[in-house]
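Worksheet: one structure, shown below.
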Amino acid sequence: MNEAAKQSLSSHSLHKNHCKCKKDNQLKTTRLPTPIQASTSRRLVLVFWTTLLGLALSTTCVQAMDDDSHAFRDCAQCPCMVPVPGGEYSMGSPDYEDGRGLDEGPVHHVKIPDGLSVSRFEITFDDWKICQDAGACALDPVDAGWGRGSRPVIYVGWYDTAQYLSWLTEISEHFYRLPTEAEWEYFARAGTTGPYHTGAELLATDANWEIRTTADRIANTTVAKTVPVGEYAPNSFGLHDIHGNVSEWVQDCYDKSAYAEFSGYPEARNGDQNCRRVAKGGTSHYSATYARSANRSDFDPHLRSFDVGFRVVRDASVRP
C-alpha cells in the first residue's frame with residue numbers, strides 16, 4: 001500500500017478570481033435539518049451570522065460564467081459547486097501502473113448516479129472561517145506558516161469536517177457530505193483511464209506536488225507547501241487541485257481488500273468509530289505517485305495534518 005505522511009484568516013472574500021459561479025441572492029436559513037440539533041437561540045445566532053456574512057459576500061461570485069456555466073452556490077457563503085454527470089468507470093489501477101499499491105485492485109466496474117455536485121475547489125481557510133465565525137465550527141486550524149485565505153484548510157481531522165458539513169447542510173437546506181471513495185475517484189478521473197486526469201504523466205505545471213530534488217530537500221533551499229486553490233487547470237469536470245496540494249478525506253473506512261467486494265454503486269465502507277479513514281489525491285510534500293487517481297492513503301480519523309484537507313459533495317437525492 002502507498003502511504004502518505006502522518007503527522008485561521010485575514011478576510012471573508014471567496015477569491016473572486018477563483019470562483020466563477022452563479023449568485024444566489026436569497027439565503028436559505030429558515031429550517032433546521034436533522035444534522036444539527038440546536039436550541040432556538042443557537043438557530044437565531046446562526047441565521048444572524050450567516051445572513052450578515054452572506055450580505056458581505058454576495059457580490060464576490062462572478063456572474064460571467066464562461067466555461068463554468070453550470071457552477072453554482074446554494075447560498076452566498078456556500079462553496080462553489082459543480083454538477084457532475086453520472087456515469088460508469090473502472091475503479092482501481094491495473095497491475096502495470098507505475099507506483100501501484102496492492103490495495104488498488106482488483107479493478108472493478110462502478111456506476112455513479114446523476115444528481116451529485118462536488119465543490120470546485122478544496123475547502124479553504126476562507127470557507128472554514130465563515131463557519132467558525134458563525135459559531136458552528138469550533139476548531140481554529142493552524143496554517144503551518146504558509147498563509148490562509150484561499151489556501152486549502154489544513155490540520156482538520158476527519159471528525160472535524162462533520163461540523164462544517166452540518167452547518168452547510170443547515171444554512172443551504174441541501175445535504176452536504178464527504179464523497180465516498182468510489183465517487184472521489186470518479187470525480188478525479190473525469191472520464192479518463194490513466195493514472196492522472198492529464199494522462200500518463202503529471203507535470204509540475206499540472207498540479208502542486210513534490211518536485212524538489214533530494215539535494216533541494218537536504219539543503220532546505222525551497223519549501224513544499226500548499227498554494228491557493230485554482231492555480232492549476234481543472235479536469236474536464238471543472239474540478240481544480242484534484243491531484244496534489246492536499247490529500248482529501250473521504251467517507252470510507254480503509255480496508256485493503258475492499259475492492260474485491262466493490263461493484264455497482266458501492267456505499268462508503270463502514271467500520272468501527274475509530275477505523276482509519278481513506279484520503280485521496282496526494283499532497284505538495286509527496287511525489288506524483290501519491291497523486292494518482294487510484295492511490296489510497298489511510299489515516300487515523302483524529303489526525304490533523306498539514307497534508308490533509310477535504311472537498312464536499314451535495315447529494316440532490318437526499319434532503320435534510
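Annotations
- The residues listed here are 162, 190; of these, the one that is small (Gly, Ala, Ser) and either farther than 23 Å from residue 72 by Cβ or surrounded by 24 or more Cβ atoms within 10 Å (Cβ to Cβ) (or both) is 162.
- Screening 286, 290 for residues that are touching a Gly at 6+ places or on another chain (Cβ under 7 Å) and over 29 Å from residue 74 (Cβ atoms) leaves exactly one candidate, 290.
- Matching residues, the stretch 144-193, being among the aliphatic types (A, V, I, L, M) and either at negative phi or under 16 Å from the mean Cα position of the chain (by Cα) (or both): 153, 154, 156, 162, 165, 168, 171, 178, 182, 188, 190
- Top-ranked residue of the stretch 259-285 - restricted to ones that are crowded, with 19+ Cβ neighbours inside 10 Å, modelled with pLDDT under 85 and more than 18 Å from the chain's Cα centre (by Cα), ranked as farthest from residue 121 (Cα to Cα): 262
- Restricting attention to the stretch 111-126, the residues that are open to solvent by less than 10 Å² (accessible area, probe 1.4 Å) and among the acidic types (Asp, Glu) add up to 2.
- Residue ID - nearest to residue 241 (Cα to Cα), chosen from residues in the stretch 286-297 that are within 19 Å of the chain's Cα centre (by Cα) and among the small types (Gly, Ala, Ser): 291
- Failed item, numbered, when residue 149 is tested on (1) outside any helix (DSSP H, G or I); (2) surrounded by 22 or more Cβ atoms within 10 Å (Cβ to Cβ): (2)
- Selection from the stretch 286-320 of residues that are modelled with pLDDT of 95 or more, out of contact with any Phe, Trp or Tyr (no Cβ under 7 Å at 6 or more places or on another chain) and either open to solvent by 10 Å² or more (accessible area, probe 1.4 Å) or farther than 25 Å from residue 112 by Cα (or both): 299, 300, 303
- Options 225, 256: the member that is modelled with pLDDT under 95, under 18 Å from the mean Cα position of the chain (by Cα) and open to solvent by 50 Å² or more (accessible area, probe 1.4 Å): 225
- Pairs where the first residue, in the stretch 179-205, is within 21 Å of residue 96 (Cα to Cα) and outside any helix (DSSP H, G or I) and the second is open to solvent by 10 Å² or more (accessible area, probe 1.4 Å) and among the acidic types (Asp, Glu), C-beta under 7 Å, 6+ apart: 195/97; 198/206
The values are calculated or read from the model by the stated rules, or taken from the named source; none is laboratory data. Bear in mind the structure is a predicted one, so any value in this text is a computation, not a measurement. Note: ideal-geometry Cβ built from the backbone for every residue, glycine included; neighbour counts use all protein chains shown. Calculation scope for accessible area: heavy atoms of the full protein, side chains included, ligands and nucleic acids excluded. Shrake-Rupley method; radii C 1.70, N 1.55, O 1.52, S 1.80 Å.
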